[in-house]
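Enquirer: Dropping the structure in here first, questions after.
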Amino acid sequence: MPSHYSVIQYVPDPIADERINVGILLFDDKTVATVFLNLWDRVRCFAMEDIHFLRLFEERMMRATSAGLLFPGDQENGQSRCERLRQVSGSWMNSIQFTEPRGSLASIEQLYEDLPPQFLKEPLVKQKRKLRDRQGAARLARMSIQNVLKRQFKLKEVRDFLDPTHVLMGHHQSHHFDATVMHGQPYLAAHGISYEVDSPDATTDSVAWMIADVRQGKANPNVPLGILMLPPQPNTFDRSSLQKKYEQKKKIYQDMGAIVLGENELEGWTIEQLKVSGVLGSK
């Protein structure tokens with residue numbers, strides 16, 4: 001399937017017509033994706049002004065492409081995507097401009113890898129961190145809770161509190177969370193899920209089922225449930241689509257009675273729940 005791309009440029013002074021590339025828009029008949037700079041220092045120096053509006057434009061582009069649109073304000077009108085973008089590239093006169101769309105026989109996935117080094121010039125940075133999957137999120141959840149317990153208790157007590165074999169009974173069946181803190185009774189349970197990669201629907205739906213079934217059960221309907229969700233990383237292919245799925249699942253988990261946490265929030269939430277239960281307050 002033929003694909004197209006357009007370079008997104010910042011032109012601070014239309015009269016001077018000096019410009020700097022800040023992003024790339026890629027699309028074919030089925031998919032729309034966009035990639036922006038990781039580091040904006042070079043653009044900030046080039047502009048010699050506040051570039052916050054460029055970061056806001058990046059967010060608006062992400063929302064537009066997640067809906068299958070090419071840019072903020074784009075609408076399906078019977079014309080092809082290429083035709084709609086060509087009209088915009090020839091008519092926009094503000095400081096953010098699109099180049100004339102260019103065709104390619106390569107797939108969007110291949111262009112996503114090949115084009116940024118050509119058009120988005122950035123200083124050399126350390127090697128990109130490997131994206132974490134569901135198992136990576138699970139390990140992070142266990143490690144974060146274990147770190148809290150290690151700071152508060154002796155090693156033997158940590159082992160007593162953190163039981164990797166414990167399950168929570170739901171209305172229909174038992175469920176194994178990645179980390180359950182208990183001592184005679186469960187004080188909290190946490191589970192990890194990742195949208196740094198495209199997690200299968202079956203995996204993310206199973207988390208919703210776990211939350212709902214525990215909440216409907218008679219054994220521990222009020223036990224605090226924390227869901228560690230790793231959001232899509234910047235400049236991940238099809239990030240806009242992943243972000244849309246992430247936001248949808250986040251709302252579902254919250255509506256079902258869980259607390260959704262970022263990786264820097266899980267330890268604080270654990271401490272708070274242990275204080276509420278009296279585990280830390282009695283120490």
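Enquirer: If you place +1 on the Cβ of every Lys and Arg, -1 on the Cβ of every Asp and Glu, and leave all else neutral, what size is the dipole of the chain about its Cα centre, to the nearest 20 Debye?
Expert: Dipole size: approximately 1080 debye.
Enquirer: Can you give the extra length, in nm with one decimal, that the chain gains between Glu122 and Gln87 once fully stretched, where that is 0.36 nm per residue apart less the Cα-Cα distance?
Expert: Computed gain between Glu122 and Gln87 is 9.6 nm.
Enquirer: Sticking with this structure for a sec: Once the other residues with Cβ under 10 Å from the Cβ of Phe237 are scored (Lys, Arg +1; Asp, Glu -1), what is the net sum?
Expert: Surrounding charge for Phe237 is -3.
Enquirer: Could I ask something else about it? Over segment 216-283, with a single point scatterer placed on each C-alpha, what log10 of the ratio I(q)/I(0) does the Debye formula yield at q = 0.15, 0.21 1/Å?
Expert: Here log10 of I(q) over I(0) equals -0.63, -0.95.
Enquirer: A follow-up question, please. Taking only protein heavy atoms and a 1.4 Å probe, what accessible area per residue, in Å², does segment 154-250 have with all protein chains in place?
Expert: Each residue of segment 154-250 exposes 46 Å² on average to a 1.4 Å probe.
Enquirer: Once the convex hull of the alpha carbons of the chain is built, what does its volume come to per residue, in cubic angstrom?
Expert: Per residue, the Cα convex hull of the chain comes to 168 Å³.
Enquirer: Over 22 Å between Cα atoms, which of Lys150/Lys275; Lys30/Lys244; Lys121/Lys245; Lys30/Lys245 qualify?
Expert: Lys121/Lys245
Enquirer: Kirkwood Rh and Cα-based Rg: tell me the resulting Rg over Rh for segment 110-230, rounded to two decimals.
Expert: 1.14
Enquirer: Here's a follow-up. So, with a 1.4 angstrom probe, what is the percent of accessible area on the chain that is carbon and sulfur?
Expert: Ligands and nucleic acids excluded, carbon and sulfur reach 51 percent.
Enquirer: For a label point 7 Å from the Cα of Gln216 along Cα→C-beta, name the residues of segment 245-266 whose backbone N is under 17 Å from it.
Expert: Under cut-off, by backbone N: 252-258.
Enquirer: Can you give the extra length, in nm with one decimal, that the chain gains between Ser206 and His52 once fully stretched, where that is 0.36 nm per residue apart less the Cα-Cα distance?
Expert: Once the chain is fully extended between Ser206 and His52, it gains 51.5 nm.
The values are calculated or read from the model by the stated rules, or taken from the named source; none is laboratory data. Quantities reported herein were computed from a predicted structural model and do not represent experimental measurements. Every residue, glycine among them, receives a Cβ derived from its backbone with ideal geometry; neighbour counts consider all protein chains shown. Areas reflect the complete protein model, heavy atoms only, side chains present, ligands, DNA and RNA absent. Shrake-Rupley method; radii C 1.70, N 1.55, O 1.52, S 1.80 Å.
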